[in-house]
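Chemist: Quick one: the structure is below, questions incoming.
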Amino acid sequence: AMAAFAAAGRIDDFAYVPQQNIGHATTTLMAQNRGASKKERVRASFFCGLKLEFLYAIFITAVCFFFAEPIIRLFVTDAAVVHLGVRFLKLVSLFYLMPSLTNGIQGFFRGIGDLRITLISSILNMAGRVAAASVLVLLWKMEIEALPYSYTFGWVLMLAYELPAMLRYLRKNKM
């Protein structure tokens, strides 16, 4: 299981990093336009970043889901390890739209300079993941699938906090 998680985790990390970088680019564009008092460009930067996040998420979901086995086999050859790694990668890939949205919203709040929201939502994400993984593994005796489900629980908590805060900000500031 550890070997499968290590192999699938490398792939998951590779899949996830571009989503984070799109969020960082969104932050930079928004902050620059906010500093230049270009309110409409701040909004356009955010929505452009979100579109890129979603397009990338759809692409990487398809790649990781449909090509999970050959990708895992790049790292391991043992049949049992490959089987577990494929189970992990296929399941986690189904949720890649969630981190695309959380990274986009994190980029939004960093771009407008509200790091309090990003800090609180990140803490909720990590605490939710740990709590969910504990329950799924220790109480429900789940195997490798516990991790993607715990990630999802963290992303749901993050979105439950960030999304209403973002919508309030957009309404209040007429962006």
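The values are calculated or read from the model by the stated rules, or taken from the named source; none is laboratory data. Here the structure is a predicted model, which is why all the values come from computation and not from measurement. Calculation scope for accessible area: heavy atoms of the full protein, side chains included, ligands and nucleic acids excluded. Shrake-Rupley method; radii C 1.70, N 1.55, O 1.52, S 1.80 Å.
Chemist: When the accessible area of the chain is computed with all protein chains present and a 1.4 Å probe, what percentage of it is carbon and sulfur? Spell out each step's value before the answer.
Modeler: On the way: 6540 of 9360 Å².
Reported share for carbon and sulfur atoms: 70 percent.
Chemist: Straight distance only, please: which lysines reach the Cα of Lys172 with their own Cα at less than 25 Å, same-chain residues fewer than 8 apart left out?
Modeler: Lys38, Lys39, Lys51
Chemist: For the chain, find the longest principal axis of its Cα atoms and tell me its angle to the long axis of helix 79-93, 0 to 90°, nearest 10.
Modeler: 20
Chemist: Given bins 5 angstrom wide, list per bin the percent of all Cα-Cα distances in the stretch 104-151, short to long.
Modeler: 5, 22, 20, 14, 12, 11, 9, 5, 1
Chemist: Please report the relative contact order for the stretch 92-175, taking Cα pairs under 8 Å with a sequence separation of at least 6, and give it as a percent rounded to a whole number. Numbers along the way, then the final one.
Modeler: Numbers: 64 pairs, mean separation 31.9, N = 84.
Relative contact order of the stretch 92-175: 38 percent.
Chemist: In the set (1) 50, 35, 30; (2) 57, 33, 17; (3) 52, 43, 25, which value of Cα extents along the principal axes in Å was calculated from the structure you see?
Modeler: Working out Cα extents along the principal axes in Å from the coordinates points to (2).
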